[in-house]
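The values are calculated or read from the model by the stated rules, or taken from the named source; none is laboratory data. Here the structure is a predicted model, which is why all the values come from computation and not from measurement. Here the Cβ positions follow ideal geometry from the backbone for every residue, glycine too, while neighbour counts run over all protein chains shown. For the accessible areas, the whole protein counts, side chains as well, though only heavy atoms, and no ligand, DNA or RNA atoms are used. Shrake-Rupley method; radii C 1.70, N 1.55, O 1.52, S 1.80 Å.
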Amino acid sequence: MRISELAQLAGVTVRTIRYYHQAGVLPEPPRRPNGYRDYTADHLVAVLRINQLTDSGLSLAQAGVVAVSSGSSADEVLDDADRALGAKITALTEQRERLARARAGHHVGLSTAAAALSLTPADAPVAIVVAHLYREHPQSDVLVEALHDPQKRSVLASLQERFEAIDESTTDGELDQLMAQAGAQFAEAPDGMPPLTEEQFQVLLDLAEHQLNDRQKSFLRGLRPRPSLHD
């Protein structure tokens, strides 16, 4: 039979058959005097087996080995494929669990660090950027663990509530007190966490100021990192 006939019987395309040849998993039959390759029923069986094996999770290379082998060599390939599938199942299970936790906590699309940094949905943009800036810092996991502490989150939620209440009636004394308490929380960051640069802080400020009034904006600018005397 010709290649087109083989492809039709196997339910694949001619391109697929040629790709199997190029990949070395399906032997090429010799050409007849008229220049056409003459495929046999054995080629059909081989293509069907390869398709079944790849549908079962084997790579094309693994399927090619198993399709023409038996005994220990085929078993080794199948064992490797089974281990790889087990690893994929484990990874997918972990992904589903993370998605479920994210949905339950209403922080879909946030990393673990960003979720820990978010107290309200409005915090998400700033939290995403902060988590990104510290993503490779060795102390970032310590910070995330600290932010999951219920007492810490309660304190931060209280500070945020007071910040959101800032308006034209808020006294300077109240602002100073809130600033001192916010500064104390920043000071409790894990040792070795570098302060934000001026440029990084400005990016966060631009994100945070979208929904703020003038006094809230002024308060945030007061948290801007000061240059060191040694800079």
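How much FRET efficiency would the formula 1/(1 + (r/R0)^6) give for residue 102 and residue 153, where r is the Cβ-Cβ distance and R0 is 22 Å, rounded to 0.05?
0.80
Taking the chain as the reference, fit the longest principal axis to its C-alpha atoms, fit the long axis of helix 198-208 to the helix C-alpha atoms, and give the angle between the two in degrees, 0 to 90, nearest 10.
90 degrees
Extension gain residue 34-residue 169, at 0.36 nm per residue separation less the Cα-Cα distance, in nm?
Full-extension gain reported as 39.1 nm.
How far, in nm, would the chain grow between residue 193 and residue 74 when pulled straight, counting 0.36 nm per residue and subtracting the alpha carbon separation?
Contour length minus the Cα-Cα distance gives 37.6 nm.
Give me the 1.4 Å probe accessible area per residue for the chain, excluding ligands and nucleic acids, in Å².
Per-residue accessible area for the chain comes out at 67 Å².
Ignoring any ligand, DNA or RNA, what whole percent of the accessible area of the chain comes from carbon and sulfur when the probe is 1.4 angstrom?
54 percent
If you average the alpha carbon positions of segment 15-76 and of segment 136-213, how far apart do those two centres end up, in angstrom?
62 Å
So what are the three principal axis dimensions of segment 102-177 from its Cα atoms, in whole Å, longest to shortest?
Projected onto the principal axes, the Cα atoms of segment 102-177 cover 40, 26, 23 Å.
Assuming R0 = 22 Å, what is the FRET efficiency of residue 89 and residue 45, from their Cβ-Cβ distance, to the nearest 0.05?
Efficiency, rounded to the nearest 0.05: 0.15.
How large is the dipole of the chain about the Cα centre if only Lys and Arg carry +1 and Asp and Glu carry -1, each at its Cβ, rounded to the nearest 20 debye?
Once rounded to the nearest 20, the dipole reads 1360 debye.
How high is the relative contact order of the chain? Use alpha-carbon pairs under 8 Å, at least six apart in sequence, and give a whole percent.
Taking the mean separation of contacting Cα pairs over the length of the chain, I get 12 percent.
Compute the length gained on full extension between residue 112 and residue 132: take 0.36 nm times their separation in residues and subtract their Cα-Cα distance, giving the result in nm to one decimal.
Once the chain is fully extended between residue 112 and residue 132, it gains 6.1 nm.
So I have (i) 23.5; (ii) 18.5; (iii) 20.9, and one of them is Kirkwood radius over Cα pairs in Å calculated from this model. Which one is it?
(i)
Which of these, 15, 32, 96, has the largest mean-square fluctuation under a Gaussian network model of the chain (Cα springs below 10 Å)?
In the Gaussian network model the winner is 32.
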